[in-house]
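Everything below concerns the one structure shown next.
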Amino acid sequence: MAKDHYANSAFAKKIVEQANEILGFRISDIMFDGSEEQLKQTNVTQPAIFLHSIIAFRSIDGAKPDMVAGHSLGEFTALVANGVLSFEDGLNLVSARARAMQKACDQEPGTMAAVLGLADEKVEEVCAAIDDIVVAANYNCPGQLVISGSQSGVEKACASLKEAGAKRALLLPVGGAFHSPLMKVAKEELIGAIEKASFYTPTCAVYQNIVAKAVMEPSEIKQNLIRQLTGPVKWTQSVQAMIADGATRFTEVGPGKVLQGLVQKINKEMVVDGVS
């Protein structure tokens, strides 16, 4: 991850070494030469994706976005990209978030499942009828929604969703019930870290996961970031709001091309590209 950038960019070298110092371990060694198992460790995965995404964003000459958004963890990259957070504060918050989420997973085990081929409203209705903890967590694109909750709640919901006509309802290989009430412990822990960080006036609007609309007020951005841990990622709604406000081209920064595909499924007329 980001090894080519490190070899060819003075900026990339600078912030990678800065990240090693902030985190207290050489995350670069794992990113460049580590095993998949090492990369999957929670305290590594989230900071690594964040670091790679910031490097990718800064590699774009004269990058001045008109608006930004990020999917779950990506919201932190978006907030650095539009000047709300410094790189240092962003990395510290991502690291704190990863540790808090791991703690919540250990204390409140849960899981998630991908639901395909069913209207969002129907998925919400089915989840609401389950006598257990299960909620809509990621609104990825029309016909693709991820649910989250207790193991039994998600399993019950999957069975009911298949009966309701879902093409697929598949348990995901994740270690916890992200973006659900079971992340309450993580939310409480993250509040302290967020209160210590400096939030500045953004250079452009951020379309935050929890509200799916343009936000410019630092205090509101901060509260939405806290709410994001236990609330849903409204990606479909966020992209639709960005398009309604004039977006015609989306550039994904960071590893992978998943968001480019989701944007085109939300609106096939959009131009998409990416920098990794």
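The values are calculated or read from the model by the stated rules, or taken from the named source; none is laboratory data. All values reported here derive from a predicted model rather than from experimental measurement. As a convention, Cβ positions derive from the backbone with ideal geometry for all residues, glycine included, and neighbour counts pool all protein chains shown.
Residues in the stretch 173-185 that are at pLDDT below 95 and of a type in the set (A, V, I, L, M): 2 in all. Sort out which residues of the stretch 44-65 are more than 25 Å from Gly24 (Cβ to Cβ) and touching a helix residue (DSSP H, G or I) at 6+ places or on another chain (Cβ under 9 Å), and write them in order of number. Within the stretch 44-65, Ser59, Ala63, Pro65 meet the criteria. Please determine, by comparing only the residues of the stretch 129-143 that are under 16 Å from the mean Cα position of the chain (by Cα) and buried (at least 20 other Cβ atoms within 10 Å of the Cβ), which one is nearest to Leu259 (Cα to Cα). Out of the qualifying residues, it is Asn140. The residue that is surrounded by the most Cβ atoms within 10 Å (Cβ to Cβ), among those in the stretch 113-127 that are under 24 Å from the mean Cα position of the chain (by Cα) and under 23 Å from Arg227 (Cα atoms), is Cys127. If you go through the stretch 174-209 and pick out every residue that is without any contact (Cβ under 8 Å) to a residue 40 or more places away in the chain and not assigned by TED's automatic domain parsing to the domain that holds Val68, you end up with 0. Tell me yes or no: at least one residue of the stretch 152-162 is closer than 24 Å to Val239 by Cα and either in contact (Cβ under 8 Å) with a residue 24 or more places away in the chain or surrounded by fewer than 15 Cβ atoms within 10 Å (Cβ to Cβ) (or both). No, because not a single residue in the stretch 152-162 is closer than 24 Å to Val239 by Cα and either in contact (Cβ under 8 Å) with a residue 24 or more places away in the chain or surrounded by fewer than 15 Cβ atoms within 10 Å (Cβ to Cβ) (or both). Of the residues making up the stretch 232-276, those that are loosely packed, with under 14 Cβ neighbours inside 10 Å, over 19 Å from the mean Cα position of the chain (by Cα) and assigned to a helix (DSSP H, G or I) number 1.
Flag set for Ala212, criterion: in a loop (DSSP other than H, G, I, E, B), at pLDDT 95 or above, among the small types (Gly, Ala, Ser) and in contact with a helix residue (DSSP H, G or I) (Cβ under 6 Å, 6 or more places away or on another chain). Applying a threshold of 7 Å to beta carbon distances and a minimum spacing of six or more residues, or different chains, the list of pairs starting in the stretch 211-225 at a residue that is in the same structural domain as Ser72 (by TED's automatic domain parsing) and ending at one that is of a type in the set (S, T, N, Q) reads Val211/Asn224; Ala212/Gln237; Ala212/Ser238; Val215/Gln208; Val215/Asn224; Pro218/Thr201; Ile221/Gln208; Asn224/Gln208. Here Arg97 meets each of (1) out of contact with any Ser or Thr (no Cβ under 6 Å at 6 or more places or on another chain); (2) more than 30 Å from Ala197 (Cα to Cα); (3) buried (at least 23 other Cβ atoms within 10 Å of the Cβ) with one exception, condition (2). Taking first residues from the stretch 255-276 that are over 21 Å from Ala48 (Cβ atoms) and partners that are exposed (fewer than 13 other Cβ atoms within 10 Å of the Cβ), the Cβ contacts under 6 Å between residues at least 6 apart in sequence or on separate chains come to Val271/Arg249. Could you tell me whether Lys167 is touching a residue at least 24 places away in the same chain (Cβ under 8 Å), of a type in the set (Lys, Arg) and either over 25 Å from Met101 (Cα atoms) or assigned by TED's automatic domain parsing to the domain that holds Ser95 (or both)? So Lys167 passes the test.
Take Asn224 and tell me if it is at pLDDT 95 or above, outside any helix (DSSP H, G or I) and of a type outside the set (Lys, Arg). The answer is no for Asn224. For the stretch 13-34, filtering for residues that are outside any helix (DSSP H, G or I) and closer than 17 Å to Pro255 by Cβ leaves 1.
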